[in-house]
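Undergrad: Here it is: the structure, laid out below.
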Amino acid sequence: MGVWKREITIALLSLPAIAIAGFLSGHLLPLLLAATLIFLFRQIQQISRFEYWIGRGGKGDYPNTKGIWEDIYYHVYRLKKSEKRRKKKLRKLLEQFREFTGALPDAAVILGQDDVIEWANKAALKVLGLQPGDKGQRIPNLIRYPEFVRYLKSRDYRDGIILPSPVNGQITLAVRIVSYGAGLRLLLAQDVTQLKQMERMRKDFVANVSHELRTPLTVLKGYLETLQDMDDGSSPLLAGSLEQMRGQTERMQHLVDDLLMLTRLETQQRRTVCVDVPALLKQICNERGMVENSAGRLELVLASAANLDGDEQELRSAFTNLVGNALKYSSADSVVKVRWFEEGGTVVFEVEDRGIGIAPEDIPRVTERFYRADSLHGRKIPGTGLGLAIVKHVLMRHDGRLNIISELGKGSCFSCHFPPHRKCD
Ligand code: ADP
């Protein structure tokens, strides 16, 4: 602002001087015109010097000048300097980013509009088989696994997928997409071959042990029952021991059965048919009512006639577990309500009890394998801790969702929600 003031003062002081000189010489107009032309010529000269300097990138020091033009040069010079510093910083960051992504063991690919590859790191070339020249190509044309193409199209990237590497079928990849920015997505692929192998070994081990334990347990239980039949009751200690042994054998049998069921859910294909759920529920309630000696406790409401596309054995196992738990974790005289109904297109199986309930901190954990809630401490309620893990797996295989509402000391409500596309006739 100071420079402007000076420029204006000079112009204002020059005007009276020119006017006086004009009056004295009698050439006021020509003098004014000449002064204006000189002023214009000087400005044009400055503009041309400025254009010349900036046209060459504004490199080096700016030309020596005075007044407002010195200020203009100085501001542009400063702007250029800070821009240079910013560029240097950016270049450094970019180099660091390149080094970091180059050292990254996981494949990273940036996808733009239309699933086009914008950029890929070195690992992506190695594990996904992409070539440096694939930039600009659509990724579904290069990685053609139907599951991958489906995942890419789904736009729901909350869960990743597991794929064999397109380069080497022995390598297993966990692929995940993260959306960011305007329509950009980052695809990450991690080599999980070792993890998968360990997982397979664990599954095989559990399956083999459970399978091998089945026969000895059946034999043991058979002998124990024979011994109990033969027992004449002369020794209360023997009778008690035999009863305890039978109880423990039965418990182990349940454990083995549940483990085998989980293995089946993890490894085997579903045998999908149209399951008549209302009939299945009637059957389950009748059976449970008799087995648990709790006839009259189960109240079944079939508000929907919907059938489900699914595996009957798996659905039976899930529903039986939930009904069994409701009976087990509530008092022998309380009612357990079982409902089958529709709610906005989804079909719901619901079991409600007025039992011991679950503490809020236990609710998210009860579907974990072998997890038994703390509220059970001190209560002698038998269980394996595997029932709800089975329920969760079955629902996952039927696109279903488990919802748990529970209050300690008041009761619980477990509901399984199945999407409309699972309904069948
Ligand atoms: P368990 O064989 O112990 O019943 P589950 O996996 O079926 O195993 O259940 C896990 C835990 O969840 C149970 O140990 C219990 O603490 C809790 N639970 C399940 N169902 C109910 C219920 N209806 N009422 C109260 N607690 C329950």
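We did not get these values from a lab; they are worked out from the coordinates using the rules stated. Just so it is clear, the structure is predicted and the values come from calculations on it, not from any experiment. Glycine gets a Cβ as well: all are built from the backbone with ideal geometry, and neighbour counts include every protein chain shown.
Undergrad: Around GLY57, what is the net charge, scoring Lys/Arg as +1 and Asp/Glu as -1 over all other residues with Cβ under 14 Å from its Cβ?
TA: Counting the neighbours of GLY57, the net charge comes to +3.
Undergrad: Do any trypsin sites (Lys or Arg not before Pro) in segment 99-152 lie in a loop, going by DSSP, with at most 15 other beta-carbon atoms within 10 Å of their beta carbon, and if so which?
TA: LYS135, ARG144
Undergrad: Of GLY2, GLY57, LEU12, which is farthest towards the positive pole of segment 2-93's charge dipole, taken about the Cα centre with +1 and -1 on the beta-carbons of Lys, Arg and Asp, Glu respectively?
TA: Projecting each Cα onto the dipole axis, the largest value belongs to GLY57.
Undergrad: Exactly which trypsin sites (Lys or Arg not before Pro) in segment 66-101 are in a DSSP loop and have at most 12 other Cβ atoms within 10 Å?
TA: Answer by residue number: LYS66.
Undergrad: To continue, here is another question. Quick one: how many lysine pairs in segment 2-93 have C-alpha atoms under 27 angstrom apart, if they're 8 or more apart or on different chains?
TA: Qualifying lysine pairs in segment 2-93: 18.
Undergrad: Under 5 Å between amide hydrogens, which residues at least 5 positions from TRP119 or on another chain qualify, with H placed 1.01 Å from N in the peptide plane?
TA: Those qualifying (amide H under 5 Å, at least 5 residues apart or on another chain) are ILE110.
Undergrad: Could you tell me how many degrees, from 0 to 90 and to the nearest 10, lie between the Cα long axis of helix 312-328 and the main elongation axis, the longest principal axis, of the Cα atoms of the chain?
TA: On a 0 to 90 degree scale, this one is about 80.
Undergrad: I want to check the label-to-label distance for ASN168 and GLU199. Put each point 7 Å from Cα in the C-beta direction and report it in nm to one decimal.
TA: With each label point 7 Å from Cα toward Cβ, the separation is 2.0 nm.
Undergrad: Could you compute how fast the chain diffuses translationally, taking Rh as the Kirkwood radius over C-alpha pairs and applying Stokes-Einstein at 20 °C with viscosity 1.002 mPa s? Give it in µm² per second.
TA: 72 µm²/s
Undergrad: Given SER179, GLN283, HIS27, which one lies farthest toward the positive end of the charge dipole of the chain, if we put +1 on the Cβ of every Lys and Arg and -1 on the Cβ of every Asp and Glu?
TA: With unit charges placed on the Cβ atoms, the residue in question is HIS27.
Undergrad: Bin by bin, in steps of 5 Å, what percent of the Cα pairs in segment 269-424 do you find, going until the bin that has the longest distance?
TA: All Cα pairs, binned at 5 Å, distribute as 2, 9, 19, 24, 21, 15, 8, 2, 0, 0 percent.
Undergrad: Turning to a different aspect of this structure: What cysteines in the chain have no other cysteine with a beta carbon less than 4.7 Å from their beta carbon?
TA: CYS285, CYS413, CYS416
Undergrad: Now for a different question. Give the long-range amide H neighbours of ALA306: residues separated by 5 or more places, or on another chain, with amide H under 5 Å away, using H modelled in the peptide plane at 1.01 Å from N.
TA: none
Undergrad: Tabulate in residue order the Karplus-calculated ³J(HN,Hα) for segment 214-229, using 6.51 cos²θ - 1.76 cosθ + 1.60 with θ = phi - 60°, rounded to whole Hz; enter x for Gly and Pro.
TA: Values per residue, Gly and Pro as x: 4, 5, x, 5, 5, 4, 4, 5, x, 4, 4, 5, 4, 4, 5, 5 Hz.
Undergrad: With each label point set 7 Å from Cα along the Cα-Cβ vector, what nm distance links GLN269 and LEU13?
TA: If labels sit at GLN269 and LEU13, their model points lie 9.9 nm apart.
Undergrad: Taking the Cα centre of segment 104-191 as origin, sum charge times position over the Cβ atoms of Lys and Arg (+1) and Asp and Glu (-1), and report the length of that vector in debye to the nearest 20.
TA: 80 debye
Undergrad: Which value, in debye to the nearest 20, describes the size of the charge dipole of segment 382-425 about its Cα centre when Lys and Arg Cβ atoms bear +1, Asp and Glu Cβ atoms bear -1, and nothing else is charged?
TA: Taking the Cα centre of segment 382-425 as origin, the dipole is about 60 debye.
Undergrad: Next question, about the same structure. Show me, for segment 83-98, the HN-Hα J-couplings you get by feeding each phi into the Karplus relation (A = 6.51, B = -1.76, C = 1.60, θ = phi - 60°), rounded to Hz, glycine and proline as x.
TA: Those phi angles translate into 5, 4, 4, 5, 5, 4, 4, 4, 4, 5, 4, 4, 4, 4, 4, 4 Hz.
Undergrad: Still on this structure: Grab the other residues whose beta carbon is less than 15 angstrom from that of ALA11, score K and R as +1, D and E as -1, and report the net.
TA: It works out to a net charge of +3.
Undergrad: Taking the Cβ of ILE404 as the centre, find all other residues whose Cβ is under 14 Å away and add up their charges (Lys, Arg: +1; Asp, Glu: -1).
TA: Summing Lys/Arg as +1 and Asp/Glu as -1 gives -3.
Undergrad: So for the pair LEU93, TYR52, with labels modelled 7 Å out along Cα→Cβ, what separation do we get in nm?
TA: 3.8 nm
Undergrad: State which entries of LYS328/LYS392; LYS221/LYS380; LYS282/LYS423; LYS122/LYS196; LYS196/LYS328; LYS203/LYS423 exceed 27 angstrom in Cα-Cα distance in the structure shown.
TA: Cα-Cα > 27 Å for LYS196/LYS328; LYS203/LYS423; rest within.
Undergrad: Which residue, THR263, SER234, VAL219, has the largest displacement toward the positive end of the dipole of segment 202-288 when charges sit on each Cβ (Lys, Arg +1; Asp, Glu -1)?
TA: The residue sitting most towards the positive pole is THR263.
Undergrad: Charges only on Cβ, +1 for Lys and Arg, -1 for Asp and Glu: so what's the dipole of the chain about the Cα centre, in debye to the nearest 20?
TA: Computed charge dipole of the chain: roughly 3360 debye.
Undergrad: Same structure, new question: From the phi angles alone, apply the Karplus equation (6.51, -1.76, 1.60; θ = phi - 60°) to segment 270-280 and give each ³J(HN,Hα) in whole Hz, x where the residue is Gly or Pro.
TA: Those phi angles translate into 7, 9, 7, 9, 8, 8, 7, 5, x, 5, 4 Hz.
Undergrad: Going by a ≥ b ≥ c, the root eigenvalues of the Cα gyration tensor, does segment 84-131 fall in the rounded group (a/c under 1.5), the prolate group (a/b larger than b/c) or the oblate group?
TA: Oblate, because a/c is 1.5 or more while a/b does not exceed b/c.
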